[in-house]
Amino acid sequence: MLTYVRKNITEVEYRTWFVPVRPLGVQDGALVLGVRNSFAMEWFRKHYQDLLEDALRHLGAQHPAVTFEVLPAVQEAMISPLDPPAPPPSTRSSIIVPSESSRRSLNPKYIFENFVVGPNNNLAHAAALAVADSPGKTYNPLFLYGDVGLGKTHLMHAVGHYVVEKHPEKRVEYVTTESFTNDLINAIRDDKMTQFRNRYRSVDLLLVDDIQFLAGKERTQEEFFHTFNALYENHKQIILSSDRPPKDIQTLEGRLRSRFEWGLITDIQSPEFETRVAILKMNAEHKRINVPQDVLELIARQVTSNIRELEGALVRVVAYSSLNNVPISKAMAAKALTDVFTSQDVQIEMSDVLRAVAEHYGVPIEALKGAGRIREVVVPRQIAMYLIRSMTSHSLPEIGMFFGRDHSTVLHATQKVGEQVGKDSELTQQIEMLKRRVQGLEELF
Ligand code: ADP
Ligand code: MG
């Protein structure tokens, strides 16, 4: 039955809507299908009822009938990295998300072995190794800073992995400044400050990512100050990352700034050509794909600043090769990469992007701009925000206005998707295809 359905709709529609469906049995002569929520139920009734009944007819049913039921919420509980953030406290209903849910585990790929050392990052790397070897005894805190996509998160996780492995009894906590803030808000709201403090003050290694987001958050700064002191006094290791050095973080309290400067501050710069080639080479090896040296060099010459984009360009070349069934060569790679570097010339409108995303995922434009929070709509919406951010020159507030949301929602969405790009190859391919669709280049595929 699903084979029939699959033949009649696009792959993306199939994955968006049909993969989560569960057959629940037959009732009053009708096949009962479990769907994830009431939005999906209506969507199925409106768009897929006929198709599903055709499919049954195709299998020989004389009076085909399909009904839908909403699956119990447990099945929805799987949290994917693209799930939306919890709504702010004021709009929250009775659902209580335990603060544990913000605890993110370490990315298994972000280990020292996978970190290519070059002149751009060797100091940061050496400091991270030293700290990993004897936490709390060398540089405390270790403050890593550098532009986005240069390996700060990777290095922090690497220290975390190392410590967990060498000293299994030690407690390691990795947290983004955003989740630290959310945890604090939740703890205040739920009257759980004691738990909050215990959690953050009982670790041996605390990794706090993107600390620049403390700017302007007075209550969070205050709490973080006490967390910092408690750990520091007990000789527990703290590693912080930021896109800029402490002195450039505006509206950061002086007492925090000076504490951040107590240990070692080290930066990561953009990688040189040789380092970029080495990173690409390692990536290709991990993916077990044979990419000729001249192709690696071509990519490394074109993408110069952000390592995530560098990896994205490799994914793009590999995707182009497998979708077109042509071997990876320099000429082919140049073609696959062309529109990355010409896209700025084309004036792209926000509505172009929205239309492309709506068509691609089979979700109406109104739903993308609407308030719905179900996954089938939220994920495409976040992808649309990400694409608009990367393909147009609109600012976060402008994009927010377009979607009827504030800029922090857009920021969150673009970061979420951005974090996945390059890691999740399916998502990366979808994004590449969407870019082409927006630019009217899809026939290239
Ligand atoms: P940041 O936190 O600075 O924005 P990330 O740590 O998220 O950057 O790195 C972006 C991507 O680039 C990740 O996939 C990471 O594994 C990769 N990366 C960064 N630096 C290196 C490096 N020196 N060697 C290998 N991969 C790297
Ligand atoms: Mg990071």
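The values are calculated or read from the model by the stated rules, or taken from the named source; none is laboratory data. Everything quoted here is computed from the prediction, not taken from an experiment. In this analysis, Cβ positions are derived from the backbone assuming ideal geometry, glycine residues included, and neighbour counts consider all displayed protein chains. For the accessible areas, the whole protein counts, side chains as well, though only heavy atoms, and no ligand, DNA or RNA atoms are used. Shrake-Rupley method; radii C 1.70, N 1.55, O 1.52, S 1.80 Å.
Quick one: grab Rg to one decimal and Dmax as a whole number for the range 105-173, Cα atoms only, in Å.
According to the Cα coordinates of the range 105-173, Rg and Dmax are 11.5, 34 Å.
Provide the three semi-axes, in whole Å and in decreasing order, of the ellipsoid equivalent to the range 376-445 as defined by the square roots of 5 times the Cα gyration tensor eigenvalues. Each step should come with its number before you reach the end.
Numbers: eigenvalues 88, 41, 19 Å².
Result for the range 376-445: semi-axes of 21, 14, 10 Å.
Once ligands and nucleic acids are excluded and a 1.4 Å probe is used, how much of Glu261 is accessible, expressed in Å² to the nearest 10?
Rounded to the nearest 10, the figure is 80 Å².
Once ligands and nucleic acids are excluded and a 1.4 Å probe is used, how much of Val116 is accessible, expressed in Å² to the nearest 10?
Roughly 30 Å² of Val116 is accessible to a 1.4 Å probe.
Could you please put Asp248, Asp183 in sequence from largest to smallest accessible area, using a 1.4 Å probe?
Numbers: Asp248 65, Asp183 5 Å².
Result of the area sort, largest leading: Asp248, Asp183.
Dividing the alpha-carbon Rg of the range 273-338 by 2.2 N^0.38 Å yields what? Can you show the working numbers first?
Working: Rg = 10.5 Å, N = 66, 2.2 N^0.38 = 10.8 Å.
This ratio for the range 273-338 stands at 0.97.
What 222 nm value per residue comes from the helices of the chain, counting each DSSP H run with n ≥ 4 as -39,500 (n - 2.57) and dividing by all residues, nearest 500 deg cm²/dmol?
On the way: 19 runs with 224 residues, N = 445.
Computed ellipticity for the chain at 222 nm equals -15500 deg cm²/dmol.
Ranked by accessible surface with a 1.4 Å probe, highest first, in what order do Glu165, Glu376 come?
On the way: Glu165 150, Glu376 10 Å².
I get Glu165, Glu376, largest accessible area first.
Rank these residues by their accessible area, most exposed first, probe 1.4 Å: Arg308, Arg381.
Details: Arg308 75, Arg381 15 Å².
The most accessible residue leads, giving Arg308, Arg381.
Going by alpha carbons, how many degrees (0 to 90, nearest 10) lie between the helix axis of 375-391 and the longest principal axis of the chain?
60 degrees
Quote the convex hull volume per residue of the chain, based on C-alpha atoms, as a whole number of Å³.
168 Å³
Leaving out ligands, DNA and RNA, what percent of the accessible area of the range 224-303 is carbon and sulfur, probe 1.4 Å? All intermediate terms of the calculation are to be shown ahead of the outcome.
Values: 1830 of 3900 Å².
Ligands and nucleic acids excluded, carbon and sulfur give 47 percent.
Quick one: net charge of Ile299's neighbours, Cβ under 14 Å, K/R +1, D/E -1?
Value of the local net charge: +3.
What is the ratio of the Cα radius of gyration of the range 1-70 to 2.2 N^0.38 Å, where N is its residue count, to two decimals? Walk me through the numbers before you get to the answer.
Working: Rg = 11.3 Å, N = 70, 2.2 N^0.38 = 11.1 Å.
Scaled against compact globular proteins, the figure is 1.02.
Put +1 on the Cβ of every Lys and Arg and -1 on every Asp and Glu Cβ in the chain; which of Asn229, Gly372, Ala284 then has its Cα farthest towards the positive end of the dipole?
Of the candidates, Asn229 comes out farthest on the positive side.
Helix 177-189 sits at what angle to the longest principal axis of the chain, using alpha carbons and giving 0 to 90 degrees rounded to 10?
80 degrees
Need one value: the accessible area of Trp262 in square angstrom, 1.4 angstrom probe, rounded to the nearest 10.
120 Å²
Percent antiparallel among DSSP beta bridges with both residues in the chain, to the nearest 5? Don't skip to the answer; put the middle values down first.
Working: 5 of 27 bridges.
Just about 20 percent of them are antiparallel.
Size of the dipole of the range 143-208 about the Cα centre, Lys and Arg at +1 and Asp and Glu at -1 on the beta carbon, nothing else charged, in debye to 20?
Charge dipole of the range 143-208: 180 debye, to the nearest 20.
In the structure shown, do any of Lys152/Lys247; Lys236/Lys416; Lys170/Lys247; Lys170/Lys423 have a Cα-Cα gap over 23 Å, and if so which? Walk me through the numbers before you get to the answer.
Numbers: Lys152/Lys247 18 Å; Lys236/Lys416 30 Å; Lys170/Lys247 32 Å; Lys170/Lys423 28 Å.
Beyond 23 Å: Lys236/Lys416; Lys170/Lys247; Lys170/Lys423.
Can you give the charge dipole size of the range 273-338 about its Cα centre, rounded to the nearest 20 debye, using +1 on the beta carbon of Lys and Arg and -1 on the beta carbon of Asp and Glu?
Details: 9 positive and 6 negative charges, 27 e Å.
With Lys and Arg at +1 and Asp and Glu at -1, about 140 debye.
In terms of the ratio Rg/(2.2 N^0.38 Å) built on C-alpha atoms, what value belongs to the range 291-413? If you can, show how the numbers build up before the last one.
Numbers: Rg = 16.8 Å, N = 123, 2.2 N^0.38 = 13.7 Å.
Against the compact-globule rule of thumb, the ratio is 1.23.
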